[in-house]
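Worksheet: the structure to be examined is printed underneath.
Just so it is clear, none of the values below were taken in a lab; they were calculated from the coordinates. These numbers were taken from a predicted model, which means no experiment stands behind them. Reconstructed Cβ throughout: ideal geometry from the backbone, glycine too, with neighbour counts over all protein chains shown.
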Amino acid sequence: MVTTVYVAGHRGMVGSAILRRLEARREGGEDLRLLTRTHAELDLTDQAAVRAFMQAERPDVVILAAAKVGGIHANNTYPADFIYENLMIECNVIHQAFAAGVRRLLQLGSSCIYPRAVPQPMREDALLTGILEPTNEPYAVAKIAGIKLCESYNRQHGTDYRSVMPTNLYGPGDNFHPENSHVLPALIRRFHEAARDGREEVTIWGTGRPRREFLHIDDMAAASLFVLDLPRETYEAHTQPMLSHINVGCGEDISILELARMVADVTGYKGWIATDPSKPDGTLRKLMDVSRLDGMGWRASIPLEQGLAETYRWFLANAGNLRL
């Protein structure tokens with residue numbers, strides 16, 4: 001029997017990685033019908049359009065990887081856009097999936113759902129226990145709402161809607177915009193340009209002391225499908241009805257200054273690395289507790305050094321399309 005899977009956000013970094021894995025499964029013999037739509041073909045903030053799509057296509061499974069995302073600068077500059085667009089996407093996709101009879105759904109969130117001052121590593125039960133990081137609070141509130149939407153439909157309607165919360169993601173297909181990208185792709189672009197132009201100094205935002213965890217998108221795609229494929233009784237044995245999300249990470253972190261040095265090595269930059277304490281650091285540490293996922297039988301497999309080198313190779317190969 002054919003299983004129809006709709007991947008929302010298939011052009012994004014994570015969505016494209018998930019789609020590649022699903023395509024490989026199909027080529028390997030799984031009877032899959034894969035549905036995708038570009039933003040031009042389907043605006044997920046348009047309720048009527050999403051309803052019409054879901055009713056017409058009737059997918060068996062929905063993977064919600066679509067979101068408006070960005071780094072500290074983008075979140076600070078466009079807070080209304082971040083909360084509105086993400087809330088609308090989640091509400092429309094999740095509700096219209098339910099209305100079309102979709103029983104299985106996986107939605108992807110973010111580690112920013114956790115409070116700013118939370119014990120490290122961050123456990124799933126830290127959700128809603130404190131004040132969020134101000135620089136990305138609107139986005140975080142929207143992603144928390146996504147978790148609660150899934151849980152509420154499960155509780156009221158008996159659906160099987162699951163949520164995975166990734167740590168900082170990186171890899172081929174990332175956003176390398178000079179202002180609106182996340183820290184790792186921003187550093188890759190900055191150090192690449194510095195090495196190319198022979199600059200003697202590169203300045204990074206903040207003190208360089210905050211620590212971050214990074215997960216390759218191929219690991220994230222593997223973890224997402226692993227969680228989606230778990231038997232319902234296994235998933236429910238490791239979660240609770242109102243605490244159902246699962247952290248996804250590698251379980252190790254690195255300081256931003258250490259990361260900058262690693263990126264400098266990968267890009268061939270030989271100059272001085274300075275810090276700018278006048279710029280915001282954001283949360284001082286964000287490390288995921290991945291013991292719940294580990295207990296289910298999944299662990300990350302791509303070391304940061306390997307993933308960085310791969311990402312930089314992709315960046316170089318696609319530089320002509322990135323308007324450097």
For the range 138-184 the trypsin sites (Lys or Arg not before Pro) that pass both the DSSP coil test and the at-most-16 other-Cβ-within-10 Å test are none
Plugging the Cβ-Cβ distance of residue 25 and residue 201 into 1/(1 + (r/R0)^6) at R0 = 41 Å yields, to the nearest 0.05, a FRET efficiency of 0.30
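For each of 301, 224, 255, 111, count neighbouring Cβ atoms within 10 Å of the residue's Cβ, then give the residues from fewest to most.
301, 255, 111, 224
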The answer for the net charge of residues other than residue 107 whose Cβ lies under 10 angstrom from its Cβ, with Lys and Arg +1 and Asp and Glu -1, is +1
When 193, 85, 90 are ranked with the fewest other C-beta atoms within 10 Å first, the list becomes 193, 85, 90
For the chain, longest principal axis from Cα atoms; helix 256-267 axis from its Cα atoms; angle between them, nearest 10 degrees, is 80 degrees
Scoring only Lys, Arg, Asp and Glu (+1, +1, -1, -1) among other residues with Cβ under 10 Å from the Cβ of residue 244 yields 0
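Taking the range 241-322, how much of its Cα-Cα pair set, in percent, is spaced more than 22 angstrom apart?
49 percent
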Expressed in nanometres to one decimal, the distance between label points 7 Å along Cα→Cβ at residue 57 and residue 34 is 1.3 nm
For the chain, inverting the pair-averaged 1/r of distinct alpha-carbon atoms gives a Kirkwood value in Å of 20.3 Å
The size of the Cβ-based charge dipole (Lys, Arg +1; Asp, Glu -1) of the chain about the Cα centre, to the nearest 20 debye, is 140 debye
Fewest-first ordering of 191, 98, 226, 53 by Cβ atoms within 10 Å yields 226, 98, 53, 191
Length gained if residue 240 through residue 305 is fully extended, taking 0.36 nm per residue and subtracting the Cα-Cα distance, is 19.8 nm
Net charge near residue 131 (other residues with Cβ under 12 Å of its Cβ; Lys, Arg +1; Asp, Glu -1) is -1
Per residue, the convex hull enclosing the alpha carbons of the range 131-268 has a volume in Å³ of 135 Å³
Helix 217-229: inclination vs the chain longest Cα principal axis, degrees, rounded to 10, gives 20 degrees
